[in-house]
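Written below as structure tokens is the structure these notes are about.
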Amino acid sequence: MPDYGQITIGGGTLSAAWFLGLAAILFTLGAIGVLVRRNPLIILICIELMLNAVNLTLITFARQLQDLDGQLFALMTMTVAAAEAVAGLAILVDISRLREVEDVDELNELKG
Amino acid sequence: MLAVAVFWIMAVLAVLGGLGVIVSRQPIRSILSLVVVMLALSVLFLLLSAQFVFAVQVIVYAGAVMVLFLFVVALLGPGRERRGGRLRFQWWLGSLVGLVFGGFIYSMLQGARFRPPQHTDLSTFGTVQEIGLGIFTRFLYPFELTSVLLLVAAVGAIYLSRGGRVGEGRGAAADDGRVRGEEEPHA
Amino acid sequence: MPLQAITLVILALPAAGSAALGLGALKVPRRLVQVVGPGTVWVAFLCSLVLFMDQFANGGKPHDFTYWTWLSSGALQVPVDLFVDRLSVFMCLVVTGVGGLIVTYSNGYMEHETDGSYARFFCYMDLFITSMLLLVLAGNLVLLIVGWAGVGLSSYLLIGFFYWRWSAVVAARKAFVMNVIGDVGMILGTFVLFAAYHSVTYRGIFAALPRTDSPLLELAAFLFLVGAVAKSAQLPLHTWLPDAMEGPTPVSALIHAATMVTAGVYLVGRLHPVYDLAWAAHGAVALIGAVTALFAASIAIVQTDIKRVLAYSTMSQIGYMFLAVGVGAYAAGFFHLMAHAFFKALLFLGAGNVIHAMNDEQDMRRYGGLWGQMRGTSICFLVGSLSLAGIIPFVGFWSKEVVLGDAFSKPDPSGFPQAMWAIGFATAVLTGFYTGRMWWMAFAGRPSPERPVSRPHEAQAVMMVPVVVLAVLSTVGGFLQINAGFHPGWKLIEDWLTPTFGPLPWQARDLEYFPTAATLLLAGLAFWPIADAFYRRRVWSVWSERLPFLQRLLERKYYLDELYDLLFVRPMDAAAESGDHLLEAPVIDAAPTGVAMTARGSAGILSLAENGLFRTYVLVMLGAALVGLVILLVVRG
């Protein structure tokens, strides 16, 4: 059974698993950032990092399967990421008018 | 072997950038680290025959969106994260969960079998023409939906950041007031 | 216009008036209320006159106008039908005639009320007239019960008219509860009759009646008697009527004297084929009536509130009517009903004039000396008093003597009617005495030093005219039927009602002259000079000073209120109290409370998850994803 995971680029051959592993590492880093950091701005940035990792996965599979849908999906993800960043930052700015925003743990008005 | 070398260089760069994002205490450094990650990833995109996505990543993402983040940092000031606060256990618990999560993903990759690829003409794969054909034929509705999403996000952002009503005395309304201050001689 | 439509108009007009006044209570201008309120009643009176003409012309052939089917369920067929015969026309005339006079009078009496209350009052009054007309015109028992409950409702509303007065609210509630006891009797009686004869219409029931008495028939008759007793404030369900005097005086005149409380008499008259057969229940009617007459008259002797005296005299007089219909002298009972409507409405309206002039003071001991200052009212009140006392030639004399005479002369080996007569005779003497007491205390003599108004004003025209009309009726009304005093005199009322009740099955005996003369003489003596001597000239010391025990017994109304309190209210309260402790709290309350507490507790646990901390949410989210991954790995092997 041939290893479909090999991607031939130029002269060399790369395993798709490498790209996916890199994406996994970046995603994990982003997730840890979201969990650990308290500055809302950095949390947003970490989310962007996770989205980028996902993009890498999508594009890797697109290349491996030679199916363009993955790239198109990646474009959608970027658009959504942009929208998310805009909305998130706007909320951040709005909250910052009421108080100092340094710690998301202080924003717990929705406590049940 | 050039491709392999490029991949490893970029991979290391990306992981370092990712670490930089979550380690630094200043938002501005996180942002710049993220730019590094994005640029590294864009090179990888190029390796994976995604020229258009590469261009978008560099111009729109690393360029525009990150600049937006920088603006916000400039607006809010370079707030350093203080130590302490609530949920102190979250530091190690979050790291643990994240690492376990990553481990699981990694373990799943081991022994994963890939489906056989379609046989597409790789010489045109990922070009602007192909992307355009895909977007405006099969992905037309999702594409239009994302445009609506962007519009909503834009309107929402304008609404949220336009400031409070005049005279409510909210903290940052003073900024706003300065713009409107032309109507108020004593502002 | 056909007769059928006219009959419906009699009902519909006051109903429409009531609805219009009720819906527009705050908006309708006072002038319009003054027209609509009494106007609809008077038009209904005119329509009743048309029916009267018809009945007069056709010799008493009854009409049963069916308008539509109300309920249709197997054997149970309830049409909406109105029954027009000599009796219902007679009642319609009394209700709308006397009712019209009283509603007109209210125009003046209620003048101090706010516009909203003013319209509300006439709304209730028209509602009462509607219900009462439905009661007398109904062609079946179900419709009768609708009217029956309707008068109970409007009575409740009107007793509690001054709803900001606690005593009025309590009185209204008491009246309502007492009336509902009667309503239950009515409904059960209807069930029994329907079960036995498979019909609820008068015609159907009367056609199916057997020839002889049966336990079922007795049961039905007794159940209807419960309804009649409650509505007519007879023993033992009488206690609500004196309290009902909390309502405005025109209400007391219309509902609690002239019309509603006579509904029991009407019921017995309407169901006379049943009572003719059910001899035990029939005898009970007479016995209850006679005992109530004497009982109420004795209490009236010690009352000091003028309206309460009149209330007890009303009970007493209705007792006479029950006595009459109970011994089978239906026409006599209804003659007395009409006469009583005249003179009791007159007395109440006259009392209303006085109360109005006295700034709502109702204690007779604080009146005195009104004769010189309110001459018109005083004369009219005297006419009413003499009529009540049964003095010739006023209407009360003729009607009461017919009742007593018919009872006296009824041939019965057991002597039961004669015993009833004896009680009625004693009551007549007492009536003369307490009426005299009321008259001499309130109107004659010198003004009481405690009188709230030293120079009372005579009532205005709109109040005076109905009083005068009623005084005239009380004076000449008796000449409709003079056979009590003169044999053989004419007897228009009895002749009028003969198509409904049939002729009186026995002949009056000559001996009757003696009791008539005796009653007249003794009642007259009691009125004057005995009551006069006691209460105006004070020649004799007041009897109650010598008999404090009797005085106390009468003032406490034979302790019946206390007895009912002890027998029913206290045990009820105790049962409710123990139910509260034993059943309500640990069982009934515990169930919903337990559910609520469980919900609250679990919600409290769940709300720990909603701690508002963003990072906890992310952690949980990621942890859940982790769990999902583990499951995925395990399942996929």
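Here, each number is a calculation from the coordinates, and none is a lab measurement. Note that the structure is predicted; figures quoted are calculated from it, not measured. Methodologically, a virtual Cβ is constructed for each residue, glycine included, from the backbone with ideal geometry; neighbour enumeration extends over all protein chains shown.
For the pair segment C:115-162 and segment C:188-222, the centres of their Cα atoms are 27 angstrom apart.
Take each residue of peptide B:136-142, count the partner chain Cβ atoms within 10 Å of its Cβ, and average: the result is 2.
Note on segment C:255-292 and segment C:401-477: Cα centroid distance 22 Å, given to the nearest whole angstrom.
A helix-only calculation puts chain C at -22500 deg cm²/dmol for mean residue ellipticity at 222 nm, using -39500 (n - 2.57) for each DSSP H run of at least four residues, averaged over all residues.
Suppose the Debye formula is applied to equal point scatterers at every Cα of segment C:361-444; what is log10 I(q)/I(0) at q = 0.14, 0.24 Å⁻¹? Those come out to -0.57, -1.08, one per q.
Counting only other chain Cβ atoms within 10 Å of each residue's Cβ, the peptide A:12-23 averages 6. Computed over segment A:19-93, the P(r) tail beyond 16 angstrom holds 53 percent of alpha carbon pairs. Relative to the longest principal axis of the Cα atoms of chain C, helix C:166-197 runs at roughly 90 degrees. For segment C:310-391, the calculated P(r), taken from all Cα-Cα distances in 10 Å bins from zero up to the bin holding the longest distance, is 17, 44, 24, 12, 2 percent. Here, segment C:63-186 is characterised by an Rg to Rh ratio of 1.04, where Rg is the alpha-carbon radius of gyration and Rh the Kirkwood radius. Using the Cβ of A:Leu68 as centre and a radius below 13 Å, the other residues enclosed give a net charge of -2, where K and R count +1 and D and E count -1.
Which angle from 0 to 90°, rounded to the nearest 10, does the C-alpha axis of helix A:40-65 make with the longest principal axis of chain A? Approximately 20 degrees, to the nearest 10. Direction-averaged projected area, Cα convex hull, segment B:1-78: 5.0 nm², rounded to one decimal. Couplings for segment B:92-103, taken from phi via the Karplus curve 6.51 cos²θ - 1.76 cosθ + 1.60 with θ = phi - 60°, read 7, 5, x, 4, 4, 4, x, 5, 4, 4, x, x Hz in order; Gly and Pro are left as x. Cα-based radius of gyration for the protein assembly as shown, normalised by 2.2 N^0.38 Å, reads 1.65.
Over segment C:196-301, the hull volume per residue, using the convex hull of the C-alpha atoms, is 100 Å³.
Quick check: the angle from helix C:86-109's long axis to the longest principal axis of chain C, C-alpha only, nearest 10 degrees? Tilt relative to chain C: about 80 degrees. 3J(HN,Hα) along segment C:388-403: 5, 6, x, 9, 5, x, 6, 4, x, 4, 4, 6, 5, 5, 5, 4 Hz, from the Karplus curve 6.51 cos²θ - 1.76 cosθ + 1.60 with θ = phi - 60°, whole Hz, x for Gly and Pro.
For segment C:388-512, the equivalent ellipsoid derived from the alpha-carbon gyration tensor has semi-axes of 36, 20, 10 Å in decreasing order. Between the amide H of A:Ile9 and those of A:Leu14, distances stay under 5 Å, these residues lying 5 or more places away or on another chain, with hydrogens modeled in the peptide plane.
A viscosity of 1.306 mPa s and a temperature of 10 °C, combined with the Kirkwood radius over C-alpha pairs in the Stokes-Einstein formula, give segment C:185-258 a diffusion coefficient of 113 µm²/s. For chain C, the orientation-averaged shadow of the C-alpha convex hull comes to 42.2 nm² (one quarter of the hull surface). The average projected area of segment C:299-442, computed from the convex hull of its Cα atoms over all directions, is 7.9 nm².
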